[in-house]
Amino acid sequence: MGTKDRYERLREQATTSERDSSPHTLLAVVSLAISLLLLAPLVWVFLRAGEIEFARAVELLTSDTTVSVTLNTLALVTGVTVASILIGVPLAILTAQTDLPFKRFWTITSALPLVVPSYIGAFAFVSAFGPRGVLADLLSPLGIEQIPTIYGLHGAILVLTLFTYPYVFLTTRASLLSFDGTVVEAARTLNHTRWEAFRRVTLPQIAPGIAAGALLVALYALSDFGTPAIMQYDVFTRMIYNEFGARRLDYASVLSMLLLVMALGILAVESRLSAGRDGAYVSSGSRRPGLIRLGYWKVPALLFCGAIATLCLVLPIGILLQWLLRSGTGYSAGGFAFEAAYAWNSVGLAAAAAAICVVAALPIAYLSARGTSGVSSLPERATYVGYAVPGVVLGLALVYLGLRYVPFLYQSVILLVFAYVIRFLPQAVGTTESSILQVDPGYIEAARSLGYHPLSAFRKVVLPLVAPGIAAGAALVFLTTMKELPATLMLRPTGFETFVTYIWLVQGAGYYGQAAVPALVLVGLSGLSMLVILRREDTS
Amino acid sequence: MTGRNATQSRRRFLALGSATAATALAGCSGILSGGDGGDGGSDGEAGTTTGQQISLSDFRGSGPLVAQREAPGGTSIEDLPDLSGELTLYLGGGEGGLYLDLINLLEQRYPDFTANHRLEASSDLANTIIEENEAGASPADVFMSIDAGSLGAVANADATASLPDEALSTVPDAYQDSEGRWVGIAGRARAIPYNTNQISESDIPSTVQEFPEAAALENSMGWAPSYGAFQSFVTAMRLIRGNDETMSWLQAMQDHGITTYDDEFRVSNSCADGELAAGFANHYYTLRVQSARENSPIGLAFTEGDAGALVNVSGLEIINGTDNADLASNFVRHVLSAEAQEFFATRTFAYPMIPGVAPVGDLPRIDELNPPEINLTELADVAGTVDLLRDAGVL
């Protein structure tokens, strides 16, 4: 019945949109312009790839290594995505819909792993579970000489999952918070068990949110270099990185194109999966469903939340503290003190990127959610492509294009923020769109019938309802910008340092003790901003 | 030297200069252009300096490896013209961060001198400079890199300007570009860190070619094939023995059992941990492990005359189109001064590039190493190496 209901609504909507086609056309034009602007830098990849001989390109793409590395990459992406759903969705439900004790605390600890830069997270795992790591040291007096290796596919999946599942957590949570709880109550009155009510009512409702988060996880796993490298698992980004190291940009570009093809494949899969989202009830409201009482499940639920928080937060922070304490002679301070300005630079950049992304995401997400033709979700799909581009590829593309077409912006903060928007806009688009999908278009009709202009109807009715999605999007963009490294290094103004460039600098120099303090501050500061955002989310 | 307004630090350096003379007697004379306590200050703007007092001990590191060193020989910065003005410096490589200490010291010494630095991975900066040069002019005045290959790539793209003869003349020919487009400032020897509890130095063959037959190294070695220094080593092997033999060696090493790491500091640390019996790494990582973890069971062996004995350099070059050529030249001379070279030797544990300064600890002198005869600029051909590593299934 849901599907039919939805189609009828769409038809209704189509007829109304004919009536006021001008706002929709305007929306389409704006969205298209934004997505074209964001895709423009990728032209560079094609320009460079064109410099390679065709036969050589084919040889490169069909070599045994390329094929096996491609399979490795797909295995990693699939594993990380599935595992993230298995962790992120239960956490979101526990913190949003149950009587779990200390819910706000667990909400924050569940979202926070996203702020841990992957190179610190992966390093912490190797220090703890690697050969001769902390765990091995603890077990060796017990006569256990060998522990299973942390390196390889399983280690890479584990570490990437633990630091990216918050994408699924946040988007799912946003969906849970903005959907109308009374439908669950209704299902319960119709003699549905909790599980049936969840499967038949809640799950279809939050599916777009889960899909949006899972897509971000999959594309992140595809484009990440640091974690697989530390976990000694060979993936595609390492091939690209090696070609950059060899200063062979044409090869790197051909390989980047293959990476983009994989990203498009992931997008296509996600599109097919969430085509089913039309089956979702289009219903939303501020009425929360009654809390699910956990009963005996309270203890396992708490253990689950605690275990995840321990692995994702306590462990890396513990390793950072260990760095701090171990800073003996060889780690001793050099001449580079951390300056408060670096922190403000990071925060300023992240805030700017988040603000621009939220504004740019709104028309794109709205068009995609409410658009009636097949092409209306094209701009939305297009924004995801930028997310799959490794930072170093995007960085050099913007160096090249910036120098030629906007030299006055070269090595300026503006170009850097533009890079962040290219990389992270889909995070805002995804969360915003899944919230809009849950708003009953009838609300707007009602507002219009009361004589409101379409824009002010949108502002007064839709915007408050999608605010949680927008806040989650802003949080995601803010947090990921704070820890972004490759594009920041390549595009920042000379002499402009941030948290991550400073950590990179001292870590590269081997001064781990000095890296610990700013890394801890980075996590702390991001945690605070998370607190603010989650609080706003709750009151909206 | 006309030391009428000399500051105290200046006098301290003069005292240091006479100590230098002793080093010069020890067999390092000839290249010393000044600093031996007398007449080297003809181009120095004597006495105008009002900067903080910076002494040799500021340049020199500390700890057990550095104790009881003799004074460095070579040209003292006291005998060089003052640095003055703003220099834009592209600084390549993670370890390049260590060099910031030196830049900071120079900035303290010369209040009128500012170095705007930009620190990134060497190959990224090389790519950037080449793009910038093609698009017009690079904002960079000087490119300082831990990797001769990156310097060579920029030079081969015609993006460099000429270096001062005073700088080129102090550095042995092997450690500068044959056309003088870049010059080495610190040397990094390929070496074999090993765990002294697990094997002894005699277990390590004297050429890397014999490693796949060495029983003691079976299933217990580590390397970092995506690391630039390792790729330079493989490039050197290709230049010496050709692609086919290099390929067989890579495959034989894999058959012998070898673990992959992402950088050589971790390879060296893993040797100290006992995770590995031995590894392929630059020499200074072992010294840094020793310095950070006293009494850790890690030793350092060198092979002879083959790619495994390659000595690569950090270096610098002046970038084409700079409007700061004089300052850039003067800066290069400062980096090759006695004090700066002492800095590289004692703070980064690198091989100094001027003969008057000795490496730290028990390291063999640079002229006691037995490196292969290789033109370091040819190490720029990393692309062929990456192909080979990939075909061998190593990358």
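The values are calculated or read from the model by the stated rules, or taken from the named source; none is laboratory data. Remember, predicted model here, so these are calculated numbers, not experimental data. Every residue, glycine as well, gets a Cβ built from its backbone with ideal geometry; the counts of neighbours run over all protein chains shown.
Structure above, values below:
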{"item": "Filter result (facing chain A (nearest Cβ under 7 Å) and within 23 Å of B:Gly152 (Cβ to Cβ)) within the range B:97-113", "result": "B:Gly97, B:Leu98"}
{"item": "Within the range B:343-366, tally of residues that are among the aliphatic types (A, V, I, L, M), touching a strand residue (DSSP E or B) at 6+ places or on another chain (Cβ under 8 Å) and in a loop (DSSP other than H, G, I, E, B)", "result": "5"}
{"item": "Pairs, first more than 7 Å from every other protein chain (Cβ to nearest Cβ) in the range B:123-136, second among the hydroxyl-bearing types (Ser, Thr, Tyr) and buried (at least 23 other Cβ atoms within 10 Å of the Cβ), C-beta under 8 Å, six or more apart", "result": "B:Leu125/B:Tyr90; B:Leu125/B:Ser145; B:Leu125/B:Ser150; B:Ile129/B:Tyr90; B:Ile129/B:Ser138"}
{"item": "Selection within the range A:225-239 - part of a helix (DSSP H, G or I) and either buried (at least 24 other Cβ atoms within 10 Å of the Cβ) or at the interface with chain B (Cβ under 8 Å from one of its Cβ atoms) (or both)", "result": "A:Thr227, A:Pro228, A:Ala229, A:Ile230, A:Phe236, A:Thr237, A:Arg238, A:Met239"}
{"item": "Yes/no for A:Ile470 being closer than 25 Å to A:Phe418 by Cα, more than 18 Å from the chain's Cα centre (by Cα) and not assigned by the TED database to the domain that holds A:Ala221", "result": "no"}
{"item": "Failed item in (1) buried (at least 20 other Cβ atoms within 10 Å of the Cβ); (2) over 15 Å from the mean Cα position of the chain (by Cα); (3) within 8 Å of another protein chain (Cβ to nearest Cβ), with B:Asn116 passing the rest", "result": "(1)"}
{"item": "Filtered residues of the range B:352-395 (kept if surrounded by fewer than 23 Cβ atoms within 10 Å (Cβ to Cβ) and touching a Cys at 6+ places or on another chain (Cβ under 8 Å))", "result": "none"}
{"item": "Answer residue from the range B:367-393, given it is under 14 Å from B:Phe233 (Cα atoms) and part of a loop (DSSP other than H, G, I, E, B) and is nearest to the other protein chains (Cβ to nearest Cβ) among those", "result": "B:Asp381"}
{"item": "Residue under evaluation B:Leu105, criteria (1) hydrophobic (A, V, I, L, M, F, W, C); (2) surrounded by fewer than 23 Cβ atoms within 10 Å (Cβ to Cβ); (3) in contact with a strand residue (DSSP E or B) (Cβ under 7 Å, 6 or more places away or on another chain), criterion not met", "result": "(3)"}
{"item": "Number of positions in the range B:137-157 that are touching a strand residue (DSSP E or B) at 6+ places or on another chain (Cβ under 6 Å) and either free of Cβ contacts under 8 Å to residues at least 40 places away in the same chain or in a loop (DSSP other than H, G, I, E, B) (or both)", "result": "5"}
{"item": "Among the candidates A:Thr432, A:Thr494, A:Thr488, residue that is crowded, with 24+ Cβ neighbours inside 10 Å, more than 16 Å from A:Val359 (Cα to Cα) and modelled with pLDDT of 85 or more", "result": "A:Thr488"}
{"item": "Among residues of the range A:40-79, those that are surrounded by 16 or more Cβ atoms within 10 Å (Cβ to Cβ) and under 16 Å from A:Pro379 (Cβ atoms), counted", "result": "1"}
{"item": "Some residue of the range A:196-210 being in contact (Cβ under 8 Å) with a residue 12 or more places away in the chain and closer than 18 Å to A:Leu74 by Cβ", "result": "no"}
{"item": "Residue satisfying condition, being closer than 23 Å to A:Ser526 by Cβ, of a type in the set (Gly, Ala, Ser) and modelled with pLDDT under 90, within set A:Ala388, A:Ala467, A:Ala446, A:Ala457", "result": "A:Ala467"}
{"item": "Helices (runs of 4 or more DSSP H) lying entirely in the range B:239-342 (those with 1 or more residues that are closer than 30 Å to B:Thr196 by Cα, more than 22 Å from the chain's Cα centre (by Cα) and within 14 Å of chain A (Cβ to nearest Cβ))", "result": "B:264-273"}
{"item": "Pair list, Cβ < 7 Å and 6+ apart or interchain, from the range A:393-411 residues that are on the phi < 0 side of the Ramachandran plot and within 10 Å of another protein chain (Cβ to nearest Cβ) to residues that are buried (at least 24 other Cβ atoms within 10 Å of the Cβ) and among the hydroxyl-bearing types (Ser, Thr, Tyr)", "result": "A:Val399/B:Thr128"}
{"item": "Any chance A:Ala92 is within 23 Å of A:Asp224 (Cα to Cα) and either within 14 Å of another protein chain (Cβ to nearest Cβ) or touching a residue at least 12 places away in the same chain (Cβ under 8 Å) (or both)", "result": "no"}
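Results for (1) in contact (Cβ under 8 Å) with a residue 60 or more places away in the chain; (2) within 14 Å of another protein chain (Cβ to nearest Cβ); (3) acidic (Asp, Glu), shown as yes or no for each residue.
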residue: A:His453; (1), (2), (3): no, no, no
residue: A:Leu463; (1), (2), (3): no, no, no
residue: A:Ala467; (1), (2), (3): yes, no, no
residue: A:Ala472; (1), (2), (3): yes, no, no
residue: A:Phe496; (1), (2), (3): yes, yes, no
residue: A:Val500; (1), (2), (3): yes, yes, no
residue: A:Pro518; (1), (2), (3): yes, yes, no
